[in-house]
1. Residue by residue, what Karplus-based ³J(HN,Hα) values in Hz, rounded to whole numbers, does region 232-239 have, using 6.51, -1.76 and 1.60 with θ = phi - 60° and x for Gly and Pro?
2. Mean residue ellipticity at 222 nm from the helices of the chain, using -39,500 (n - 2.57) per DSSP H segment of n ≥ 4 over the full residue count, to the nearest 500 deg cm²/dmol?
3. Working out 0.36 nm times the residue gap between V187 and A103, then minus their Cα-Cα distance, what length gain in nm do you get to one decimal?
4. Under 18 Å between C-alpha atoms is the cut-off here; go through the chain and count lysine pairs that meet it, provided they're at least eight residues apart or on different chains.
5. Could you list Y244, Y92 so that the one with the fewest beta carbons within 10 Å of its beta carbon is first and the one with the most is last?
6. With a 10 Å Cβ neighbour count serving as the proxy for reagent exposure, in which order, fewest first, do C46, C124 appear?
7. So how do H116, H255, H94 line up by other beta-carbon neighbours within 10 Å, fewest first?
8. Apply the a/c threshold of 1.5 to the C-alpha gyration tensor of region 263-304 and tell me whether it is rounded, prolate or oblate.
Amino acid sequence: MGVQPESGTLSRRTFTTGLAAVAAAGIIPRSTRGANDRIGIGIIGCGGRGRDHLHTLNQVKAAGEAVEVTAVCEVYRPRLQDAAGKTGAKTYMHYQELLQDPAVDAVLIATPDHWHGYQLIDACEAGKDVYCEKPLTHWRQVELTRRVVQAVNVSQRVVQTGTQTLSSSAWTQAARTIQEGAIGRPVHAQAGYFRNGDWGERMPIDDPNAKPGNDLLWDTFLGDAPKREFNVSRFFQWRMYWDYAGGPSTDLFPHTYAPLLRMLNISFPATVSASGGKFRYNGEREVPDTFNMLLDFPEGISVVLLCTLANDHPLPTVVRGEEGTLLFEGENIIVKPQPGVDRPLKVDPIHRPESMVEFWRNFLACCRTRETPWSPLDLAYQAQTALQMGVFALHEKKVVRFSREKEALLL
Ligand SMILES: NC(=O)c1ccc[n+]([C@@H]2O[C@H](COP(=O)([O-])OP(=O)(O)OC[C@H]3O[C@@H](n4cnc5c(N)ncnc54)[C@H](O)[C@@H]3O)[C@@H](O)[C@H]2O)c1
């Protein structure tokens, strides 16, 4: 398969992070909201994840937060009506119209990957704060990923990216422990994602006889993806196809890779290589069910990310340093010294476990205070860039390099 990024060639693509644009645009952030001002949420994409968020938002509201789902948007009318029935919210089939709704202060983006970047940019330009599901963009959208960073910087919107593992305090506690020298200089880290069975094949086909029309906007679903004949599997089970998804790299690794970046305080890798393929599933699936990445950082740190969807035996997250090893055991962070290092075993209880409710509350609090949320854009940008490199490395069977000087991927 000939794989190209969304436009032009990948080589020597220049990344600029929008700082000049911030100054030039002169956009003034909306005034800070008070603790009791209701925040109206518009949900874009009312499939599986959108429904999970609706459930969480009900819990958040029950916990006393002034928040209301005021609008919902979906390209498949039965799901739109279902979400409207659960919320009483206004309905839209085009997200651009939802963004014009003054009752929407912030949006949740829970559409397939290839829509995230465009909807995030448009939401910021419409003055909305954004909770955007991972991945930040589609694996092929290298240039769009950069444009997202620029647009958010210019708009000064609050953006929480959907890596809810970052709601746990474990990673900042571990980062502090490493910075204090508990394991010496970190040199090696591992993480993974292991599952028996993939969500792709199991995504429900609501109606096997569904057809494009007024109740199912196929062209809108496609967006910038290649124009193809409608097929219920592509529409309902889009995770299996390269046009809309990136397989384990961009679908699953954000959850375990972003915490590693936070702990190690590193940004872009120098090189990424990858292996994997369809070793369990046949049939319609295009994306791999087995995927591994090796990432080397200019700081002299090597990171290993492993995944198979054929076996759920986990690979624990571990950071190895020259003087000790940092591991997670139950509710604790443990530091074990290397032989010959005279330092006691260190056990640090994790103060705040992962929580979707707390993750939403953090986003809402930041909408009010304009502070940076727990899963900020810069981390998602760094993570997505490396994970995109991993998909290109697999496709091209090459080591993909990253030039920090140019902020560009080099194939
Ligand atoms: N953070 C997590 O743990 C987590 C878990 C699951 C899914 N996700 C992410 O959430 C996103 C959605 O995944 P899902 O499992 O809910 O998929 P899904 O197919 O169940 O839901 C996506 C919905 O978006 C709709 N849609 C497509 N294009 C649209 C558009 N332009 N405007 C409005 N609606 C549109 C689809 O019709 C569908 O109903 C994915 O990007 C996925 O990575 C994150």
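1. 4, 5, 4, 6, 8, 10, 4, 4
2. -10000 deg cm²/dmol
3. Length gained between V187 and A103: 25.3 nm.
4. Close lysine pairs found across the chain: 5.
5. Numbers: Y244 23, Y92 20.
Fewest to most other Cβ atoms nearby, the residues stand as Y92, Y244.
6. Values: C46 29, C124 26.
Lowest count first: C124, C46.
7. Lowest to highest Cβ neighbour count: H94, H255, H116.
8. Details: a/c = 3.77, a/b = 3.39, b/c = 1.11.
Prolate, since a/c reaches 1.5 and a/b exceeds b/c.
Laboratory data are not the source of any read-out in this text; all were calculated from the coordinates shown. Values in this document were obtained by computation on a predicted structure and should not be read as measured data. Every residue, glycine among them, receives a Cβ derived from its backbone with ideal geometry; neighbour counts consider all protein chains shown.
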